[in-house]
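Data block below; observations after.
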Amino acid sequence: MSYRIAFIGFGVVGQGLAMLLREKRDSLENNFGLEYIVAAISDPVKGCVYQEEGLDLERILALVDKDGHINNYEKGIKGWDSAKTITDSNVDVIVEVSPTNIENGEPGITHIRTALNCKKHVITTNKGPIALFYRELADLAQKNNVALKFEGTVLSGTPAINLSLDTLAGADVQEVKGIMNGTTNYILTKMAEGQSYDVVLKEAQRLGYAETKPDADVKGWDAQAKIVILANVLMGANLKPTDVPTQGITEISLDNIEQAKKSGKRYKLIGRAWKEGGNIKAKVSPELVATDDFLYHVTGVTNALTFSTDVLGKVTIVGPGAGKRETGFSLLVDLVNIHIASK
Ligand code: HSE
């Protein structure tokens, strides 16, 4: 089976997927019978090009590396915006990786609605549309008989969504709790080593962990979107981000961190969703954790989630929560799973 793919957005995450598609072409074909071409990229900053027979990914990635954009790509049609690329390009999978907007989901929500209505599969890491409109989009995908996959919205390629939906299918998730923002965990870890907040935040941005607007990380909104996604998708809730009391890490000073250290504790930004009296509640806040708490030992950009279930008790996953290759991988997994499900 051969898939034709269009990228809507070509920032860090999109480039991460493009690298993996280039690197794993042979193994995906040999192991899964999965073949693909990338026919279109549309990004208002990096450039737009559509080449029906498939872009030369090697050349595209070299151009981004050298020029910071793909405007000098030698072939294809240039200048198609996202709407035209989604509706008019001859592709069957839309990779929606435009910047996350947790307030109204745009432009991602329009991209996803349009793609699903055009009967194109959607794979995305875009938290805004999924946190705000999951149920509508899931229904739209079903109505159009296409897939909507979003593993990378929570914990990048670490299998937070697929683990629960597939591997734990049939278990009742009573609580999900953990560290779900890599940037803040990285900042808190480095601050505990004595580095200053501003320096570490810049480093997190350079490494591609931080959101376009770092407020989204440090004020807890990114973790808020993720806990809403987990609650709605895994626990059947119908929460909006504004339903979730949220506090970030901006009030935590080096002094606070030193004090915590003296008492053998560490600050962690914890998100949790739990069942209570027939309702699902959620919150995000910094918590002090002691050495006997597993989360104490989860440092740097690493994330961890514990699912409390009726049948297995607690199941915990630990893994990367951000990064170019790690988040690119989540999109690859979604593509492979669409392929497997179609067999
Ligand atoms: N900014 C996010 C984080 C990226 O730091 O976890 C992954 O959603």
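Points to keep in mind about this one:
- Dipole-positive endmost among Gly33, Ile317, Gln142 within the chain (Cβ charges, Cα centre): Ile317
- Peptides ranked, highest mean first, by Cβ atoms within 10 Å: ranges 225-235, 137-147: 225-235, 137-147
- Spin-label model, Asp198/Lys24: points 7 Å from Cα along the beta carbon direction are separated by 4.0 nm.
- Relative contact order for the chain, counting Cα pairs under 8 Å that sit 6 or more residues apart, in percent: 20 percent
- Under the simplified labelling scheme, the Gln259-Gln205 pair shows an inter-label distance of 2.9 nm, with each label point 7 Å from Cα along Cα→Cβ.
- R0 of 35 Å, Cβ-Cβ distance Asn31-Val311: FRET efficiency to nearest 0.05: 0.65
- Looking at the stretch 1-106, the accessible area is 45 square angstrom per residue; that uses a 1.4 Å probe and ignores ligands, DNA and RNA.
- Viscosity 1.306 mPa s, temperature 10 °C, Stokes-Einstein D of the stretch 40-110 from Kirkwood C-alpha radius, µm²/s: 123 µm²/s
- Working note: Cα gyration tensor of the chain, eigenvalues times five, square-rooted, sorted largest first, giving semi-axes of 34, 24, 17 Å.
- Listed residue (Leu207, Pro245, Thr299) projecting farthest to the positive dipole end of the chain, Cβ model: Pro245
- Residue-normalised accessible area of the stretch 163-320, given per residue in Å² at a 1.4 Å probe: 46 Å²
- Within the full protein context, the accessible area of Tyr296 is estimated at about 30 Å² for a probe radius of 1.4 Å.
- Dividing the mean sequence gap of close Cα pairs (under 8 Å, 6+ apart) by how many residues the stretch 52-169 holds gives a relative contact order of 18 percent.
- Label point distance in nm, Glu74-Ser342, each placed 7 Å from Cα along Cα→Cβ: 3.1 nm
- Within the accessible area of the chain (1.4 Å probe), percent carbon and sulfur: 49 percent
- Rounded to the nearest 500, the helix-only mean residue ellipticity at 222 nm of the chain stands at -11500 deg cm²/dmol, with each DSSP H run of n ≥ 4 adding -39,500 (n - 2.57).
- Paramagnetic reach from Leu288 in the stretch 147-184 [backbone N under 13 Å; point 7 Å along Cα→Cβ]: none
- Global form of the stretch 163-320, assessed from the alpha-carbon gyration tensor, a/c cut-off 1.5: prolate
- Inter-part distance, the stretch 190-215 to the stretch 285-343, computed on C-alpha centroids, equals 21 Å.
- For Cys118, the accessible surface of its heavy atoms amounts to roughly 50 Å² (probe 1.4 Å, protein chains only, rounded to the nearest 10).
The values are calculated or read from the model by the stated rules, or taken from the named source; none is laboratory data. Every value quoted in this text rests on a predicted model; they were computed, and no experiment measured them. Virtual Cβ from ideal backbone geometry, glycine too; neighbours counted across all protein chains shown. In case anyone asks, the SASA skips ligands and DNA or RNA and just uses the protein heavy atoms, side chains included. Shrake-Rupley method; radii C 1.70, N 1.55, O 1.52, S 1.80 Å.
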